[in-house]
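The values are calculated or read from the model by the stated rules, or taken from the named source; none is laboratory data. Not measured: the values here are computed from a predicted model. Cβ sites come from the backbone with ideal geometry, for glycine too, and all protein chains shown count toward neighbours.
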Amino acid sequence: MMTRILRVLGPGLLTGAADDDPSGIATYAQSGARLGYALGAMTSIDPIKMLVWSAVFNGIVAVPLMVGMMVVVTNRKIMGKFAASRVLAIFGWLATLFMGAVVAAFFLTTVTV
């Protein structure tokens with residue numbers, strides 16, 4: 001069971017970890033600190049609020065991107081033998097549905113009429 005999971009996730013984990021070298025982390029930290037300082041000096045926006053709203057924006061944008069990815073990865077004409085299996089497709093669509101529900105709940109609870 002674990003071997004199958006690692007076989008499926010292995011390439012993605014390796015690819016994701018390939019860019020997390022110490023020099024990259026230091027560069028990203030320095031760039032973020034400089035940009036954060038510059039934005040803080042130019043605006044009166046709280047940096048924590050900026051971080052929260054950027055996460056909200058990412059969550060909203062993620063739903064149509066997830067739908068597009070699921071349409072592509074489940075299409076055997078496009079992906080051929082690399083198309084997602086039925087189990088992966090079910091979990092992918094469930095995650096997409098969950099994200100859509102979260103975004104809908106966000107709008108329903110924050111937008112006042």
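For this structure, a couple of remarks:
- Any hit, the stretch 52-60, residues being among the small types (Gly, Ala, Ser), more than 17 Å from the chain's Cα centre (by Cα), loosely packed, with under 14 Cβ neighbours inside 10 Å and at pLDDT below 95: no
- Top-ranked residue of the stretch 97-113 - restricted to ones that are surrounded by 13 or more Cβ atoms within 10 Å (Cβ to Cβ) and within 18 Å of residue 57 (Cβ to Cβ), ranked as nearest to the chain's Cα centre (by Cα): 99
- Residue under evaluation residue 79, criteria (1) modelled with pLDDT of 95 or more; (2) in contact with a helix residue (DSSP H, G or I) (Cβ under 8 Å, 6 or more places away or on another chain), criterion not met: (1)
- Selection status of residue 74, more than 21 Å from residue 55 (Cα to Cα) and surrounded by 10 or more Cβ atoms within 10 Å (Cβ to Cβ): yes
- Scanning the stretch 61-107 for residues that are of a type in the set (Ser, Thr, Tyr) and not in a helix (DSSP H, G or I) yields 74, 85.
- Taking the criterion of being among the small types (Gly, Ala, Ser) and closer than 19 Å to residue 65 by Cβ, the residues of the stretch 75-97 that qualify are 83, 84, 89, 92, 95.
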